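The next block holds one structure in the form of structure tokens; read it before the comments.
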Amino acid sequence: MRGFEHLEKELQEMREGGVFRRLTILDSKQGSKVTINGKEVIQLSSNNYLGFTDHPRLTKASLDAVENYGAGTGSVRTIAGTFTMHDELEKKLATFKHTEAALVFQSGFTTNQGVLSAILSDEDVVISDELNHASIIDGIRLTKAKRKVYKHVNMESLEEALKESTGFRRRLIVTDGVFSMDGNIAPLPQIVELAEKYDAIIMVDDAHASGVLGENGRGTVNHFGLDGRVHIQVGTLSKAIGVLGGYVASTRTLIDYLIHKGRPFLFSTSHPPAVTASCMEAIDVLLEEPQWMEMLWDNAKFFKDGLEKLGFNTGKSATPITPVIVGDSVLAHQLSDKLLQYGVYAQSIAFPTVAKDAARVRTIVTAQHTKEELQEALAAFEQAGKELGII
Ligand code: PMP
């Protein structure tokens, strides 16, 4: 069929540049080992931090919910798609995050889009870290607010942006809590200080911190002892929680406003019962089984130390997200391909997701990995890294 020649031309350029990728297809459930192309390999690319995607309590909660409430909800939340369990999950999340209220969206992506597009207008200014997640960038694009971008985690640059932003109804500072490509943590204590000095409000996207940092995985705000001083906390139910969805935890006022103005919330069907019930169970598991977080951090330290000892550049990671930065995008893809050959799945990430000269293979260990698996993965990294002249 004719009509897409211009798109095909672009794809051809990507093929020639060595950056065209096919989707990697898993033929097993998620876990420390997965099956790819008929071969069992060590999984270092999922966000399944705590191994909750197949935690028995979560899968049982899903099955019970399907049996009692069916497969789908048949409506958006604001018409006929709010069941008791949706309300209960939001109450649980608010309690968990130490906030007045919470609201669940279909994904972390739509949460950021929905919140930012709802609360900002041309009377406001939004001040955003340059490495914030795509969903924050897209959310900002949907608003008519004045935009300012500050240098990554650079507090002088943030203060300058705040000083320049006078005469607006509201200033909003927005940052990832943990940056998804580097695994570094946002300097929230300093951001809070600046926000209080300049009377700005703060939104933190804790997609990679919920279930990972803070007491029982409450996130970066709790990790830094800043409960009550950050206005908007966004989280995802798709990573450490192991299921699907996003949420915002904040004041009753903000949540009531989003129920009326959060477009993805208003115009997209609510989560199926299995999703909602298993997310609820996941919060209980976080509170009752702290061993998963302990195992996650123990594994993360073991693996990061191992990579560093081998001579790899792991950047400024301070969380279980550990990048292996190689610079060139083709080299990153070659490293990922070789690792797969040697039994390890670790996805390469290149421009435009990261800077052109900072292509990498990104690894995330989970609580489920055994030390033997991680040792095996380190051996594969050593072999592939030496063959490609990286170490
Ligand atoms: N924010 C950040 C920082 C993320 O890394 C992601 C996931 N890639 C999201 C939001 C989106 O979350 P979800 O996968 O639940 O849509």
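The values are calculated or read from the model by the stated rules, or taken from the named source; none is laboratory data. Bear in mind that the values here come from a model prediction, so they are computed numbers and not experimental data. All Cβ positions, even for glycine, are placed from backbone atoms using ideal geometry, and neighbour counts span all protein chains on display. Just so you know, the surface numbers come from the protein's heavy atoms only, side chains and all, with ligands and any DNA or RNA stripped out. Shrake-Rupley method; radii C 1.70, N 1.55, O 1.52, S 1.80 Å.
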message: Return the pair list, or none, for Cβ contacts closer than 9 Å from residues in the stretch 300-320 that are loosely packed, with under 13 Cβ neighbours inside 10 Å to residues that are assigned to a helix (DSSP H, G or I), at least 6 apart or on different chains.
response: Lys309/Leu378; Gly311/Gly385
- prompt: Got a sec? Which of Lys356, Lys338 is open to solvent by 30 Å² or more (accessible area, probe 1.4 Å) and not in a helix (DSSP H, G or I)?
  reply: Lys356
- request: Would you tally the residues in the stretch 234-249 being open to solvent by less than 10 Å² (accessible area, probe 1.4 Å) and within 16 Å of Leu103 (Cβ to Cβ)?
  value: 10
statement: Restricting the stretch 121-136 to residues that are touching a helix residue (DSSP H, G or I) at 6+ places or on another chain (Cβ under 9 Å) and aliphatic (A, V, I, L, M), the one farthest from the ligand (Cβ to nearest atom) turns out to be Val125
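If you scan the stretch 48-92, which residues turn out to be among the polar types (S, T, N, Q) and over 30 Å from Thr319 (Cα atoms)?
Asn68, Thr73, Ser75, Thr78, Thr82, Thr84
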task: Consider only pairs whose beta carbons are under 8 Å apart and that are at least six residues apart or on different chains; among these, list those whose first residue lies in the stretch 39-61 and is β-branched (Val, Ile, Thr) and open to solvent by 30 Å² or more (accessible area, probe 1.4 Å) and whose second residue is away from the ligand (no atom under 16 Å from the Cβ) and part of a loop (DSSP other than H, G, I, E, B).
output: Thr53/Lys29; Thr53/Gly31
- prompt: Any idea how many residues of the stretch 306-334 are closer than 13 Å to Leu378 by Cα and part of a helix (DSSP H, G or I)?
  reply: 5
query: Which one is nearest to the ligand (Cβ to nearest atom) among residues in the stretch 155-183 that are assigned to a loop (DSSP other than H, G, I, E, B) and open to solvent by 10 Å² or more (accessible area, probe 1.4 Å)?
result: Ser180
message: Just to be sure before I move on: is Thr84 polar (S, T, N, Q), open to solvent by 70 Å² or more (accessible area, probe 1.4 Å) and more than 19 Å from Arg362 (Cα to Cα) in the structure I sent?
response: yes
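Would you point out which residue out of Val212, Val275, Val248, Val243 is part of a strand (DSSP E or B), touching a helix residue (DSSP H, G or I) at 6+ places or on another chain (Cβ under 8 Å), touching a residue at least 12 places away in the same chain (Cβ under 8 Å) and within 16 Å of the ligand (Cβ to nearest atom)?
Working: Val212 fails: part of a strand (DSSP E or B); Val275 fails: part of a strand (DSSP E or B); Val243 fails: part of a strand (DSSP E or B).
Just a single option satisfies the conditions, and that option is Val248.
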field: Val178 vs. criteria under 22 Å from the mean Cα position of the chain (by Cα), under 22 Å from Pro323 (Cα atoms) and of a type in the set (Val, Ile, Thr)
entry: yes
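If you go through the stretch 361-381 one residue at a time, do you hit one that is open to solvent by 20 Å² or more (accessible area, probe 1.4 Å), modelled with pLDDT of 95 or more and closer than 28 Å to Asp138 by Cβ? Walk me through it before giving the result.
Of the residues in the stretch 361-381, the ones open to solvent by 20 Å² or more (accessible area, probe 1.4 Å) are 362, 368, 370-373, 375-376, 379.
When the remaining residues are screened for being modelled with pLDDT of 95 or more, the result is 362, 368, 370-373, 375-376, 379.
From what is left, the residues that are closer than 28 Å to Asp138 by Cβ are 362.
Yes, that holds for at least one residue.
Between Leu93, Leu89, Leu50, which is within 16 Å of the ligand (Cβ to nearest atom), within 24 Å of the chain's Cα centre (by Cα) and part of a loop (DSSP other than H, G, I, E, B)? Give the steps one after another, and end with the answer.
Numbers: Leu93 fails: part of a loop (DSSP other than H, G, I, E, B); Leu89 fails: part of a loop (DSSP other than H, G, I, E, B).
From the options Leu93, Leu89, Leu50, the qualifying one is Leu50.
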- line: Among residues of the stretch 191-222 being farther than 23 Å from Ile255 by Cβ and touching a Leu at 6+ places or on another chain (Cβ under 9 Å), the residue least open to solvent (accessible area, probe 1.4 Å) is Val212
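When you look at Lys261, is it among the charged types (D, E, K, R) and within 15 Å of the ligand (Cβ to nearest atom), yes or no? Explain how you work it out, then say what you get.
On the way: among the charged types (D, E, K, R): yes; within 15 Å of the ligand (Cβ to nearest atom): no.
So Lys261 fails the test.
Sort out which residues of the stretch 111-120 are more than 10 Å from the ligand (Cβ to nearest atom) and either open to solvent by 10 Å² or more (accessible area, probe 1.4 Å) or of a type in the set (Asp, Glu) (or both), and write them in order of number.
Hits for the stretch 111-120 are Ser117, Ala118, Ile119, Leu120.
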- line: Filter the stretch 215-240 for residues that are closer than 26 Å to Pro272 by Cα and among the β-branched types (Val, Ile, Thr); the one that is nearest to the ligand (Cβ to nearest atom) is Thr236
query: From Gly108, Gly139, which residue is out of contact with any strand residue (DSSP E or B) (no Cβ under 8 Å at 6 or more places or on another chain), within 16 Å of the ligand (Cβ to nearest atom), touching a residue at least 12 places away in the same chain (Cβ under 8 Å) and within 24 Å of Arg229 (Cβ to Cβ)?
result: Gly139
statement: With criteria (1) in contact with a strand residue (DSSP E or B) (Cβ under 9 Å, 6 or more places away or on another chain); (2) not in a loop (DSSP other than H, G, I, E, B), Asp298 comes up short on (1)
